[in-house]
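To start, the structure itself, in C-alpha coordinates.
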Amino acid sequence: MNIPRNRAILTNGVHIYAHLIAFGSQLSSERETEASFRRALQFLHLHYGACDRLITAFGLQRVDFHGARLHAVVMSPAGPDKEVERIARALAFARAFEAMVERTGRRFGGRFRTDVSIGIDCGKAIAINSGRGAEQEPLFIGRPANHAAHLAACDKAGVHLSDRVQERLAQARSPGRLDFIEEAFSKGFAARLGPGGRTLEETAQAEIQAFDVELAQVEMSGSLAVFNFHYRQPPLRTLDFGAHPPSNAVLMELAALFADIDGFTRYVDESLASGNARRAVHNLHVFRGELAACAREDFNGRKVRFIGD
(Lines give C-alpha, C1' and ligand atoms only; values in the text may rest on other atoms or scores of the structure.)
Protein backbone atom coordinates (compact mmCIF):
# COMPACT_ATOMS: atom_id res chain seq x y z
CA MET A 1 0.00 0.00 0.00
CA ASN A 2 1.38 3.39 -1.00
CA ILE A 3 -0.09 6.12 1.21
CA PRO A 4 1.61 9.57 1.28
CA ARG A 5 2.73 10.64 4.75
CA ASN A 6 0.58 13.76 4.65
CA ARG A 7 -2.62 11.90 3.80
CA ALA A 8 -5.28 10.19 5.89
CA ILE A 9 -7.80 8.13 3.92
CA LEU A 10 -11.20 7.12 5.27
CA THR A 11 -11.91 3.53 4.20
CA ASN A 12 -14.74 1.04 4.47
CA GLY A 13 -13.33 -2.45 4.23
CA VAL A 14 -13.12 -5.90 5.73
CA HIS A 15 -10.06 -6.48 7.91
CA ILE A 16 -8.40 -9.89 8.21
CA TYR A 17 -5.80 -10.83 10.80
CA ALA A 18 -4.25 -14.30 10.57
CA HIS A 19 -2.03 -15.58 13.38
CA LEU A 20 0.31 -18.57 12.87
CA ILE A 21 -0.18 -20.19 16.26
CA ALA A 22 2.91 -22.42 16.33
CA PHE A 23 5.43 -19.67 15.63
CA GLY A 24 6.36 -19.36 19.30
CA SER A 25 7.31 -23.03 19.44
CA GLN A 26 9.69 -22.50 16.52
CA LEU A 27 11.80 -20.34 18.81
CA SER A 28 11.21 -22.08 22.13
CA SER A 29 14.20 -24.08 23.26
CA GLU A 30 16.50 -24.15 26.24
CA ARG A 31 18.84 -21.82 24.39
CA GLU A 32 18.12 -19.55 21.44
CA THR A 33 20.68 -20.23 18.72
CA GLU A 34 21.29 -19.32 15.11
CA ALA A 35 19.70 -22.66 14.22
CA SER A 36 16.48 -21.87 16.08
CA PHE A 37 16.27 -18.39 14.58
CA ARG A 38 16.97 -19.81 11.12
CA ARG A 39 14.17 -22.35 11.54
CA ALA A 40 11.77 -19.60 12.66
CA LEU A 41 12.62 -17.43 9.64
CA GLN A 42 12.17 -20.38 7.27
CA PHE A 43 8.81 -21.02 8.90
CA LEU A 44 7.74 -17.43 8.29
CA HIS A 45 9.18 -17.36 4.77
CA LEU A 46 7.11 -20.35 3.65
CA HIS A 47 3.85 -19.10 5.16
CA TYR A 48 4.40 -15.50 4.00
CA GLY A 49 4.85 -16.83 0.48
CA ALA A 50 1.61 -18.79 0.67
CA CYS A 51 -0.24 -15.79 2.03
CA ASP A 52 1.06 -13.31 -0.54
CA ARG A 53 0.15 -15.70 -3.33
CA LEU A 54 -3.48 -15.80 -2.20
CA ILE A 55 -3.63 -12.08 -1.49
CA THR A 56 -2.64 -11.35 -5.08
CA ALA A 57 -5.00 -13.93 -6.53
CA PHE A 58 -7.97 -12.71 -4.45
CA GLY A 59 -7.34 -9.01 -5.09
CA LEU A 60 -6.78 -8.10 -1.42
CA GLN A 61 -4.43 -5.49 0.02
CA ARG A 62 -1.69 -6.72 2.34
CA VAL A 63 -1.09 -4.15 5.07
CA ASP A 64 1.81 -5.89 6.79
CA PHE A 65 3.31 -8.95 8.37
CA HIS A 66 4.41 -8.63 11.99
CA GLY A 67 6.11 -11.79 13.12
CA ALA A 68 3.52 -14.54 12.97
CA ARG A 69 0.64 -12.16 12.26
CA LEU A 70 -0.76 -11.03 8.91
CA HIS A 71 -3.01 -8.01 8.38
CA ALA A 72 -4.87 -7.76 5.07
CA VAL A 73 -7.92 -5.77 4.01
CA VAL A 74 -10.64 -6.34 1.43
CA MET A 75 -11.51 -3.04 -0.25
CA SER A 76 -13.36 -4.28 -3.32
CA PRO A 77 -15.97 -4.38 -4.60
CA ALA A 78 -16.35 -0.81 -3.34
CA GLY A 79 -19.52 0.80 -2.04
CA PRO A 80 -21.70 0.63 1.08
CA ASP A 81 -24.05 -1.82 -0.65
CA LYS A 82 -21.22 -4.30 -1.34
CA GLU A 83 -20.21 -5.04 2.25
CA VAL A 84 -21.57 -8.59 2.26
CA GLU A 85 -19.64 -9.34 -0.94
CA ARG A 86 -16.44 -8.04 0.67
CA ILE A 87 -17.11 -10.20 3.75
CA ALA A 88 -17.71 -13.23 1.56
CA ARG A 89 -14.42 -12.63 -0.24
CA ALA A 90 -12.62 -12.35 3.11
CA LEU A 91 -14.15 -15.63 4.26
CA ALA A 92 -13.19 -17.34 1.00
CA PHE A 93 -9.62 -16.09 1.45
CA ALA A 94 -9.58 -17.34 5.06
CA ARG A 95 -10.68 -20.82 4.03
CA ALA A 96 -8.08 -20.91 1.24
CA PHE A 97 -5.30 -19.73 3.58
CA GLU A 98 -6.19 -22.45 6.09
CA ALA A 99 -5.80 -24.98 3.27
CA MET A 100 -2.46 -23.45 2.23
CA VAL A 101 -1.16 -23.66 5.82
CA GLU A 102 -2.30 -27.26 6.09
CA ARG A 103 -0.51 -28.17 2.82
CA THR A 104 2.68 -26.51 4.05
CA GLY A 105 2.51 -28.48 7.29
CA ARG A 106 2.52 -31.78 5.44
CA ARG A 107 5.93 -31.05 3.94
CA PHE A 108 9.45 -31.05 5.41
CA GLY A 109 8.71 -33.75 7.94
CA GLY A 110 6.13 -31.58 9.68
CA ARG A 111 8.77 -29.09 10.88
CA PHE A 112 6.65 -26.11 9.82
CA ARG A 113 3.23 -27.42 10.80
CA THR A 114 0.91 -24.91 12.49
CA ASP A 115 -2.71 -24.08 13.09
CA VAL A 116 -3.93 -20.64 12.14
CA SER A 117 -6.33 -18.34 13.98
CA ILE A 118 -8.11 -15.80 11.75
CA GLY A 119 -10.08 -12.78 12.94
CA ILE A 120 -12.40 -10.79 10.67
CA ASP A 121 -14.19 -7.48 11.27
CA CYS A 122 -15.58 -4.81 8.96
CA GLY A 123 -16.39 -1.12 8.94
CA LYS A 124 -14.82 2.32 8.68
CA ALA A 125 -11.15 2.88 9.49
CA ILE A 126 -8.54 5.53 8.73
CA ALA A 127 -5.55 4.53 6.59
CA ILE A 128 -2.29 6.42 7.20
CA ASN A 129 1.44 5.95 6.69
CA SER A 130 3.91 6.89 9.40
CA GLY A 131 7.03 5.36 7.84
CA ARG A 132 9.97 6.95 6.08
CA GLY A 133 12.26 5.84 3.26
CA ALA A 134 12.68 2.09 3.14
CA GLU A 135 10.69 1.69 6.37
CA GLN A 136 7.15 2.34 5.17
CA GLU A 137 4.45 1.74 7.77
CA PRO A 138 0.94 1.61 6.32
CA LEU A 139 -1.60 1.43 9.10
CA PHE A 140 -5.36 1.32 9.64
CA ILE A 141 -6.60 2.89 12.86
CA GLY A 142 -10.10 2.36 14.20
CA ARG A 143 -12.25 -0.43 15.53
CA PRO A 144 -12.35 -2.98 12.66
CA ALA A 145 -8.59 -3.48 12.41
CA ASN A 146 -8.15 -3.50 16.18
CA HIS A 147 -11.02 -5.90 16.79
CA ALA A 148 -9.94 -8.32 14.06
CA ALA A 149 -6.46 -8.40 15.63
CA HIS A 150 -7.92 -9.26 19.05
CA LEU A 151 -10.07 -12.02 17.53
CA ALA A 152 -7.02 -13.60 15.89
CA ALA A 153 -5.01 -13.39 19.12
CA CYS A 154 -7.18 -16.00 20.87
CA ASP A 155 -4.79 -18.80 19.77
CA LYS A 156 -7.77 -20.99 18.92
CA ALA A 157 -7.62 -22.44 15.41
CA GLY A 158 -10.35 -21.41 12.98
CA VAL A 159 -12.11 -18.34 11.61
CA HIS A 160 -13.46 -15.92 14.21
CA LEU A 161 -16.05 -13.36 13.11
CA SER A 162 -16.93 -10.13 14.90
CA ASP A 163 -20.49 -9.46 15.98
CA ARG A 164 -20.84 -6.89 13.20
CA VAL A 165 -19.75 -9.37 10.53
CA GLN A 166 -22.16 -11.98 11.87
CA GLU A 167 -25.00 -9.45 11.93
CA ARG A 168 -24.35 -8.38 8.33
CA LEU A 169 -24.29 -12.00 7.19
CA ALA A 170 -27.44 -12.82 9.12
CA GLN A 171 -29.24 -9.87 7.52
CA ALA A 172 -28.28 -11.18 4.08
CA ARG A 173 -29.24 -14.75 4.84
CA SER A 174 -32.12 -16.32 2.93
CA PRO A 175 -34.62 -18.31 5.06
CA GLY A 176 -34.17 -22.07 4.92
CA ARG A 177 -30.63 -21.87 3.50
CA LEU A 178 -27.34 -23.11 4.93
CA ASP A 179 -25.76 -21.79 8.09
CA PHE A 180 -24.87 -18.17 7.32
CA ILE A 181 -21.10 -18.72 7.59
CA GLU A 182 -21.23 -21.58 5.10
CA GLU A 183 -23.57 -19.52 2.94
CA ALA A 184 -21.06 -16.68 2.96
CA PHE A 185 -18.31 -19.05 1.89
CA SER A 186 -20.54 -20.17 -0.97
CA LYS A 187 -21.28 -16.59 -1.98
CA GLY A 188 -17.59 -15.77 -1.86
CA PHE A 189 -16.72 -18.73 -4.02
CA ALA A 190 -19.44 -17.78 -6.49
CA ALA A 191 -18.06 -14.25 -6.98
CA ARG A 192 -16.19 -13.62 -10.22
CA LEU A 193 -12.62 -12.43 -10.32
CA GLY A 194 -11.50 -10.16 -13.14
CA PRO A 195 -11.52 -10.76 -16.88
CA GLY A 196 -10.42 -14.40 -16.47
CA GLY A 197 -13.89 -15.18 -15.11
CA ARG A 198 -12.68 -17.73 -12.53
CA THR A 199 -14.67 -18.10 -9.33
CA LEU A 200 -12.89 -17.68 -6.02
CA GLU A 201 -13.20 -21.42 -5.50
CA GLU A 202 -11.47 -22.10 -8.81
CA THR A 203 -8.83 -19.48 -8.01
CA ALA A 204 -8.20 -20.96 -4.56
CA GLN A 205 -7.88 -24.52 -5.83
CA ALA A 206 -5.52 -23.49 -8.62
CA GLU A 207 -3.27 -21.50 -6.26
CA ILE A 208 -3.22 -24.20 -3.59
CA GLN A 209 -2.28 -26.85 -6.14
CA ALA A 210 0.44 -24.73 -7.74
CA PHE A 211 1.89 -23.84 -4.33
CA ASP A 212 1.91 -27.49 -3.29
CA VAL A 213 3.87 -28.38 -6.44
CA GLU A 214 6.42 -25.69 -5.59
CA LEU A 215 6.70 -26.98 -2.01
CA ALA A 216 7.34 -30.50 -3.32
CA GLN A 217 10.15 -29.19 -5.51
CA VAL A 218 11.73 -27.28 -2.62
CA GLU A 219 11.40 -30.30 -0.34
CA MET A 220 12.95 -32.63 -2.90
CA SER A 221 15.88 -30.31 -3.66
CA GLY A 222 16.41 -29.23 -0.04
CA SER A 223 16.56 -25.62 -1.24
CA LEU A 224 14.89 -23.83 1.65
CA ALA A 225 15.59 -20.11 1.91
CA VAL A 226 18.99 -19.29 3.40
CA PHE A 227 19.28 -16.84 6.32
CA ASN A 228 22.60 -15.57 7.59
CA PHE A 229 23.36 -13.81 10.86
CA HIS A 230 26.08 -11.52 12.11
CA TYR A 231 26.75 -9.60 15.29
CA ARG A 232 26.59 -5.83 15.39
CA GLN A 233 27.79 -3.67 18.25
CA PRO A 234 25.04 -1.62 19.95
CA PRO A 235 23.48 0.91 20.10
CA LEU A 236 20.41 -0.05 18.16
CA ARG A 237 19.75 3.62 17.44
CA THR A 238 22.18 3.70 14.51
CA LEU A 239 21.00 0.48 12.88
CA ASP A 240 19.83 0.87 9.27
CA PHE A 241 17.06 -1.72 8.87
CA GLY A 242 17.17 -1.30 5.10
CA ALA A 243 20.69 -2.78 5.07
CA HIS A 244 19.60 -5.85 7.00
CA PRO A 245 17.01 -7.96 5.18
CA PRO A 246 16.30 -11.40 6.68
CA SER A 247 19.07 -12.91 4.56
CA ASN A 248 21.57 -10.64 6.34
CA ALA A 249 20.09 -10.45 9.82
CA VAL A 250 21.62 -8.96 12.95
CA LEU A 251 21.67 -11.23 16.00
CA MET A 252 22.22 -9.29 19.21
CA GLU A 253 20.99 -9.18 22.79
CA LEU A 254 18.55 -6.39 23.57
CA ALA A 255 15.53 -5.49 25.64
CA ALA A 256 12.13 -5.16 23.94
CA LEU A 257 9.45 -2.73 25.10
CA PHE A 258 5.82 -2.64 23.93
CA ALA A 259 3.66 0.39 24.76
CA ASP A 260 -0.05 0.88 24.10
CA ILE A 261 -2.07 4.10 23.98
CA ASP A 262 -4.96 3.03 26.17
CA GLY A 263 -8.42 3.81 24.78
CA PHE A 264 -7.18 5.12 21.44
CA THR A 265 -9.42 2.88 19.30
CA ARG A 266 -12.49 4.20 21.12
CA TYR A 267 -11.16 7.73 20.64
CA VAL A 268 -10.82 7.16 16.88
CA ASP A 269 -14.37 5.82 16.66
CA GLU A 270 -15.69 8.85 18.55
CA SER A 271 -13.64 11.17 16.32
CA LEU A 272 -15.09 9.56 13.19
CA ALA A 273 -18.62 9.93 14.56
CA SER A 274 -18.09 13.60 15.46
CA GLY A 275 -16.24 14.53 12.26
CA ASN A 276 -12.90 15.10 14.05
CA ALA A 277 -10.88 12.38 12.32
CA ARG A 278 -8.23 14.92 11.28
CA ARG A 279 -7.50 15.74 14.92
CA ALA A 280 -7.24 12.05 15.86
CA VAL A 281 -4.67 11.43 13.11
CA HIS A 282 -2.69 14.53 14.13
CA ASN A 283 -2.63 13.43 17.77
CA LEU A 284 -1.49 9.94 16.83
CA HIS A 285 1.47 11.35 14.91
CA VAL A 286 2.35 13.48 17.95
CA PHE A 287 2.13 10.52 20.35
CA ARG A 288 4.22 8.34 18.08
CA GLY A 289 6.81 11.04 17.54
CA GLU A 290 7.24 11.45 21.29
CA LEU A 291 7.55 7.71 21.87
CA ALA A 292 10.12 7.29 19.11
CA ALA A 293 12.14 10.30 20.27
CA CYS A 294 12.16 9.04 23.85
CA ALA A 295 13.56 5.66 22.81
CA ARG A 296 16.12 7.28 20.50
CA GLU A 297 17.28 10.36 22.40
CA ASP A 298 16.92 9.27 26.01
CA PHE A 299 17.90 5.60 25.79
CA ASN A 300 19.97 5.28 22.58
CA GLY A 301 17.39 2.77 21.41
CA ARG A 302 15.22 2.52 18.35
CA LYS A 303 11.56 2.48 17.42
CA VAL A 304 11.20 -0.83 15.61
CA ARG A 305 7.58 -0.74 14.57
CA PHE A 306 4.35 1.05 15.28
CA ILE A 307 1.50 -1.48 15.28
CA GLY A 308 -1.79 0.34 15.49
CA ASP A 309 -1.86 2.47 18.64
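The values are calculated or read from the model by the stated rules, or taken from the named source; none is laboratory data. Just so it is clear, the model here is predicted, and its values are computed rather than measured. Please note: Cβ atoms are built from the backbone with ideal geometry, for glycine as well, and neighbour counts cover all protein chains shown. Quick note on the areas: whole protein, heavy atoms, side chains included, nothing else; ligands and nucleic acids left out. Shrake-Rupley method; radii C 1.70, N 1.55, O 1.52, S 1.80 Å.
Numbers for the structure displayed
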| read-out | value |
| --- | --- |
| The chain, accessible area per residue, ligands and nucleic acids excluded (1.4 Å, Å²) | 52 Å² |
| Radius of gyration and maximum dimension Dmax of the stretch 19-58, Cα, Å | 12.3, 41 |
| For q = 0.15, 0.16 Å⁻¹, Debye-computed log10 I/I(0) when each Cα of the stretch 16-160 counts as one equal scatterer | -0.78, -0.88 |
| Order by protection proxy (mean Cβ within 10 Å, highest first), peptides 254-262, 83-91, 52-60 | 83-91, 52-60, 254-262 |
| Tail fraction, Cα-Cα pairs, the chain, threshold 37 Å, whole percent | 19 percent |
| Distance in nm between pseudo-label sites at N12 and T56 (7 Å out along the Cβ direction from Cα) | 3.1 nm |
| Separation in nanometres of the label points that stand 7 Å from Cα toward Cβ, at H150 and H230 | 4.4 nm |
| Separation in nanometres of the label points that stand 7 Å from Cα toward Cβ, at A243 and M75 | 3.4 nm |
| All Cα pairs of the stretch 1-78, percent lying beyond 19 Å | 48 percent |
| Of A78, A99, I55, farthest towards positive along the dipole that unit charges on Lys, Arg, Asp, Glu beta carbons give the stretch 36-140 | A99 |
| Percent carbon-and-sulfur accessible area, the chain, ignoring ligands, DNA and RNA, probe 1.4 Å | 51 percent |
| Cα centre as origin, Lys/Arg/Asp/Glu Cβ charges: the chain dipole, Debye | 500 debye |
